[in-house]
Amino acid sequence: MIPADLSHAVVHAVRRAVEAGELGGPVPARVVVERTRPGGVGEYASPVALRMGRGAEGALVLAKALALEPGIATVEVTGPGFLNFTLAPLSAAELVRDVAGRAGRYGCLPVAPQPAAGTRREDVRGAVVRGAVVRIREGQGLPGEGEGLSVAPVARRDGDVVARYGAAAAVWAMVVVPARETPVFGDGLLVQGEENEVFRVRYAHARARALTRNAADLGFRGEPGDVDAPALLRALADHPLALEAAAHHRAPERLARHLVVVADALLDFQHQVLPLGDEKPSAAHRARLALAEAAGAVLAGGLALLGIDAPHFL
């Protein structure tokens, strides 16, 4: 089970409890499930019982039902009625197959159009942010609803940011902060190094593509299997939840921030993928490659939703 599945499982548990008369009130269409904050209990938490006005008593009803769900290791109730979850260990093979088989839930879409240099400063950010909102929401099966979003423009002093920084860097700066905040531009956007977030995300995607090419030269390809890569597995599993939150809040910055998490995890993992020296390709190498390729697909899809291309070479 991944966190997005957990959210759906909680909705179903609420529906069953309401239908059985154990809980009152309307069944929510969406249940918020988020990473537990430092010092909290479990891996994920949800305030659904509190939001329904049922508190700890309602949370206990839901906890009893959810404890039987496959993929959930533990469910605990804390405070005035928070549900706290620990999920069963992730299967890398199942996660890789999920990314390939249900690409839509991971935001894997064609590259979106980018703004051209010379676009009016007053218009460019509104078009970029609202376009990202529409693509993210439509990818989640929701109406676009980008038109009514209030978007702060690019500051006058920054001029034609697309011409100065390039489309990818300019778009990143426009979507990585909340729509109501003025985006920040600077020469750091031009640096091809680890301090530049958009470079790291695009570079991580390029590295995933390079791994595929290099593996082909060595005579093997990716095949789903067991992989010891907890940070990357967690980042990929959390990605649908990040997309769901970005769609619900009309907040592309949530997706952008999570792409950085995926990219950093992939860049840390990439060195384990290919055989070293005289080492022969094994099932472990094939499984690692498949996981890296899944991460690359997620990065490409997420960048496309934001309006940024994912180059094969950087």
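The values are calculated or read from the model by the stated rules, or taken from the named source; none is laboratory data. From a predicted model like this one, the values you see are computed outputs, not experimental measurements. Positions of Cβ are backbone-derived with ideal geometry, glycine not excepted, and every protein chain shown enters the neighbour counts.
Within the bounds of the stretch 239-255, is there any residue that is outside any helix (DSSP H, G or I), in the same structural domain as R130 (by TED's automatic domain parsing) and touching a helix residue (DSSP H, G or I) at 6+ places or on another chain (Cβ under 6 Å)?
Within the stretch 239-255, the subset outside any helix (DSSP H, G or I) is 250-251.
Restricting the remaining residues to those that are in the same structural domain as R130 (by TED's automatic domain parsing) gives 250-251.
With the extra rule that they be touching a helix residue (DSSP H, G or I) at 6+ places or on another chain (Cβ under 6 Å), the set shrinks to 250.
Within the stretch 239-255, one or more residues are outside any helix (DSSP H, G or I), in the same structural domain as R130 (by TED's automatic domain parsing) and touching a helix residue (DSSP H, G or I) at 6+ places or on another chain (Cβ under 6 Å).
Go through the residues of the stretch 107-122 one by one and say whether even a single one is surrounded by fewer than 19 Cβ atoms within 10 Å (Cβ to Cβ), at pLDDT 90 or above and either in contact with an Asp or Glu (Cβ under 6 Å, 6 or more places away or on another chain) or in a helix (DSSP H, G or I) (or both).
No, every residue in the stretch 107-122 fails to be surrounded by fewer than 19 Cβ atoms within 10 Å (Cβ to Cβ), at pLDDT 90 or above and either in contact with an Asp or Glu (Cβ under 6 Å, 6 or more places away or on another chain) or in a helix (DSSP H, G or I) (or both).
Would you kindly identify the helices (runs of 4 or more DSSP H) lying entirely within the stretch 1-69 that contain at least 1 residues that are within 23 Å of the chain's Cα centre (by Cα)? Before the answer, list the steps.
On the way: elements: 3-19, 48-51, 55-66.
Of the helices (runs of 4 or more DSSP H) lying wholly inside the stretch 1-69, those with at least 1 residues that are within 23 Å of the chain's Cα centre (by Cα) span 3-19, 48-51.
Please find, among E223, E197, the residue that is in the same structural domain as P281 (by TED's automatic domain parsing), closer than 23 Å to A263 by Cβ, of a type in the set (D, E) and at pLDDT 95 or above. Let's see the steps before the verdict.
Numbers: E223 fails: closer than 23 Å to A263 by Cβ.
Answer to the selection: E197.
Identify, please: which residue in the stretch 28-40 is among the hydrophobic types (A, V, I, L, M, F, W, C) and surrounded by 16 or more Cβ atoms within 10 Å (Cβ to Cβ) and is, among those, nearest to A4 (Cα to Cα)? Walk me through how you get there before you give the answer.
Start the filter on the stretch 28-40 by keeping residues that are among the hydrophobic types (A, V, I, L, M, F, W, C), which leaves 29, 31-33.
Now drop any that are not surrounded by 16 or more Cβ atoms within 10 Å (Cβ to Cβ), which leaves 31-33.
Details: V31: 10, V32: 10, V33: 8 Å.
Per the stated criteria, the residue is V33.
Identify, please: which residue in the stretch 165-193 is under 14 Å from V124 (Cα atoms) and out of contact with any helix residue (DSSP H, G or I) (no Cβ under 7 Å at 6 or more places or on another chain) and is, among those, surrounded by the most Cβ atoms within 10 Å (Cβ to Cβ)?
A167
What is the residue count in the stretch 142-156 for residues that are outside any loop (DSSP other than H, G, I, E, B) and either at pLDDT 95 or above or closer than 14 Å to V128 by Cβ (or both)? Explain how you work it out, then say what you get.
Going through the stretch 142-156, the residues outside any loop (DSSP other than H, G, I, E, B) turn out to be 156.
Then drop every residue that is not either at pLDDT 95 or above or closer than 14 Å to V128 by Cβ (or both), which leaves none.
Within the stretch 142-156, residues that are outside any loop (DSSP other than H, G, I, E, B) and either at pLDDT 95 or above or closer than 14 Å to V128 by Cβ (or both) number 0.
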